[in-house]
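Encoded as structure tokens, the structure appears first; notes follow it.
The values are calculated or read from the model by the stated rules, or taken from the named source; none is laboratory data. Model, not experiment: these values are computed from the prediction. Every residue, glycine as well, gets a Cβ built from its backbone with ideal geometry; the counts of neighbours run over all protein chains shown. Only protein heavy atoms, including side chains, enter the accessible area calculation; ligands, DNA and RNA are left aside. Shrake-Rupley method; radii C 1.70, N 1.55, O 1.52, S 1.80 Å.
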Amino acid sequence: MQRFSQLYADLDRTTKTNAKVQAMVDYLRDVPPEDAAWAVFFLTGQRLKRLISGRVIRDWALKASNLPEWLVTDAHAAVGDSAETVSLLLDRGLVEPAGEVCSLSQWMEARILPLRGQPADSQEAQVTEWWNHLPRQEIFLLNKLLTGGFRVGVSKLLVVRALAEVADLPRPVISHRLMGQWQPSAAWYRQLLDPDTADDDRSRPYPFFLASPLEQDAEALGSVDEWLAEWKWDGIRGQLIRRAGETYLWTRGEELVTDRYPELSVMAEKLPDGVVLDGEILAWDEDGVMPFAVLQKRIGREKPGPKILKEAPVGFLAYDLLEEKGEDIRSRPQAERREGLEAIVQAVGSPLMASTLIDAEDWQDLMSIRDESRSRRVEGLMLKRKTSAYGTGRKRGDWWKWKIDPLTIDAVMIYAQAGSGRRANLFTDYTFAVWKGEDLVPIAKAYSGLSDEEIQKLDRWIRRNTIERYGPVRSVTAHHVFELAFEGINASTRHKSGVALRFPRIARWRSDKKPADADTLEQVKTLLED
């Protein structure tokens, strides 16, 4: 645990990519495989299901420290994170460890995981005893693990780089082996790094290839004849796998959702064995694609009933063929993979479809077609080089997303909440409202789009202009106007405003406008008609 805590500190104190990778390489080469396995588990963004709530560990810290309750409450309000608050309140400087120093894997398997299901008083006694023998940084780390809130500032791509260097293997190999469901263990970690490991997990998806935003003129890409153009759909990106007579449906977030879409499982039984398709799960009926709000009825439902299946039917719109007859064909040219895809789709039929290819004489012609996006309920176009392989991650140059300009409104900030991780002591999550008569009605939440300097400035203002507190949320004076950008808008009975914005974010801080200049709810609802 001490060594992993030091790694966390090393990663947190630098913003340099190479330094982060080197820190992980040094750690992975230094620790036993069982510790490395758990470290990879956490570094790749996986977390334990919460064992203990933040409120509970604050209550335990209150009793353990003999501090006044108001001080703990104010400290938490200032820090914004229970794990960090407790570690600061219980900081005793240098401490003597109790007994044998435990490794990360021993902490996880012999101490932390066995807490689940124990009576609350037993949990409290054990955790407070650990606090007595840990320095502040390790208390913080322990608390994060207990509350399920552990995050570290590295991307999965950087973890792959570090593992590839340790194993002396190509990055795509490591990236593929990290996909799907796995449990951290010494045996698993050895297989991860073994150059001769056979991939015997038939459910494992491939790493997704991601497009980059097109921020230059399309003409700069060369001849339009060198590219495949498709509509950019707004659904759930997924991979549909048919291997050894079994079907697996994975989302881009590496969530196995096969049982949530039984109509796709039935359809997949018609697929040839040894096939992997990349595509989009969409709400789809005989009239075509349905709004994303319809698809949302299916998200999170483990076993959808007949009523939901009828109200929100889905289809799988295939973009690419990644595996054919059990062979990984990602290195073949895009155009060749497309031919194989179309043959499979034609043989299987609905609810499997192939994305429509768009013919255009030149870039101007394609731009005119792109202008039809919103009326088609799509986000724009995808451009894929005909000769490109199916890569890993967001490799620029071969796949581009050419999106239409987002919709925008002007709204007033009315609530603020502290962020998480490194931003736990700053107010970075905001709620915005528009006018309905003389009242401000909440319309959206957003937390991205401001610079660090703007966040710091707004944080100071929020602390000085708080009206009321509702737990971690602060009500603030209606003063600041922001332009919000979003991809789409739908009617919603779940929201007080009657509408739901898709992917809202802050486009800019409108310091030139007063609250009275913000949009009205009636103006916002006119966007529903577009």
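Shape of the range 452-510 from its Cα gyration tensor (a ≥ b ≥ c, root eigenvalues): rounded if a/c is under 1.5, otherwise prolate when a/b > b/c, or oblate?
Oblate, since a/c reaches 1.5 and b/c is not below a/b.
So for the chain, considering every pair of alpha-carbon atoms, how many percent are separated by more than 29 Å?
Summing the P(r) of the chain above 29 Å gives 63 percent of all pairs.
In whole percent, and with a 1.4 Å probe on the protein chains, what portion of the accessible area of the range 1-104 is carbon and sulfur?
48 percent
Among Val21, Val72, Met108, which residue has its Cα furthest toward the positive end of the charge dipole of the range 13-108, with +1 on Lys/Arg Cβ and -1 on Asp/Glu Cβ?
Val21
Bin by bin, in steps of 5 Å, what percent of the Cα pairs in the range 288-347 do you find, going until the bin that has the longest distance?
Histogramming the range 288-347 at 5 Å steps yields 4, 15, 20, 13, 9, 15, 17, 6, 1 percent.
Sum up the lysine pairs in the range 423-530 that clear both bars: alpha-carbon distance under 24 Å and a spacing of 8 or more or different chains.
Here the count comes out as 16.
Using only the Cα atoms of the range 327-483, what do you get for the radius of gyration and for Dmax, in Å?
23.3, 65
Give me Rg/Rg_expected for the range 396-505, where Rg uses Cα atoms only and Rg_expected = 2.2 N^0.38 Å with N residues.
1.17
According to a simple spin-label model (label point 7 Å from Cα along Cα-to-Cβ), what is the distance in nm between Ala77 and Ala167?
5.0 nm
Relative contact order (percent) for the chain, with alpha-carbon contacts under 8 angstrom and 6 or more residues of separation?
Relative contact order for the chain comes out at 12 percent.
Can you tell me, using C-alpha contacts under 8 Å and at least 6 residues apart, the relative contact order of the range 1-126 as a whole percent?
After rounding, I find 29 percent.
Treat every Asp and Glu Cβ in the chain as -1 and every Lys and Arg Cβ as +1, leave all other atoms uncharged, and give the resulting dipole magnitude about the Cα centre to the nearest 20 debye.
Dipole size: approximately 1360 debye.
By what distance, in whole Å, do the Cα atoms of the range 122-231 stretch along each of the three principal axes, largest value first?
Answer, in whole Å and largest first: 69, 38, 26 Å.
How much accessible area per residue does the chain have, counting only protein heavy atoms and a probe of 1.4 Å, in square angstrom?
49 Å²
Stretched out fully, how many nm does the piece from Lys310 to Asp273 gain, at 0.36 nm a residue minus the Cα gap?
Full extension of this stretch gives 10.4 nm more.
Calculate the FRET efficiency for Glu454 and Ala187 from the Cβ-Cβ distance with a Förster distance of 41 Å, rounded to the nearest 0.05.
0.25
Name the long-range amide H neighbours of Asp398: under 5 Å, sequence gap of 5 or more, or other chain; modelled H, no Pro or chain starts.
Long-range HN contacts for Asp398: none found.
Over the range 278-416, how many pairs of lysines fall under 28 Å by alpha carbon, counting only those 8 or more apart in sequence or from different chains?
Total qualifying Lys-Lys pairs in the range 278-416 comes to 14.
Test of understanding: what is the full-extension gain from Ala244 to Gln296, defined as 0.36 nm times their sequence separation minus their Cα-Cα distance?
Once the chain is fully extended between Ala244 and Gln296, it gains 15.6 nm.
Using only alpha carbon pairs under 8 Å that are at least six residues apart, calculate the relative contact order of the range 318-360 and give it in whole percent.
Here the relative contact order equals 41 percent.
Over all distinct Cα pairs, what is the inverse of the mean 1/r for the range 1-115, reported as the Kirkwood hydrodynamic radius in Å?
Hydrodynamic radius (Kirkwood, Cα only) of the range 1-115 equals 16.3 Å.
Is the shape of the range 294-397 rounded, prolate or oblate, going by the alpha carbon gyration tensor and its root eigenvalues a ≥ b ≥ c, with a/c under 1.5 for rounded and a/b larger than b/c for prolate?
It is oblate, given that a/c is not under 1.5 and a/b is not larger than b/c.
Pull out a ≥ b ≥ c, the square roots of the eigenvalues of the alpha-carbon gyration tensor of the range 197-316, then state rounded if a/c is under 1.5, prolate if not and a/b is larger than b/c, and oblate in the remaining case.
oblate
Set Lys and Arg Cβ to +1 and Asp and Glu Cβ to -1, take the dipole of the chain about its Cα centre, and tell me which of Trp284, Ala83, Leu178 lies farthest positive.
Positive-end residue among those listed: Ala83.
Multiplying the sequence separation of Asp362 and Glu336 by 0.36 nm and subtracting their Cα-Cα distance, what value in nm do you get?
7.1 nm
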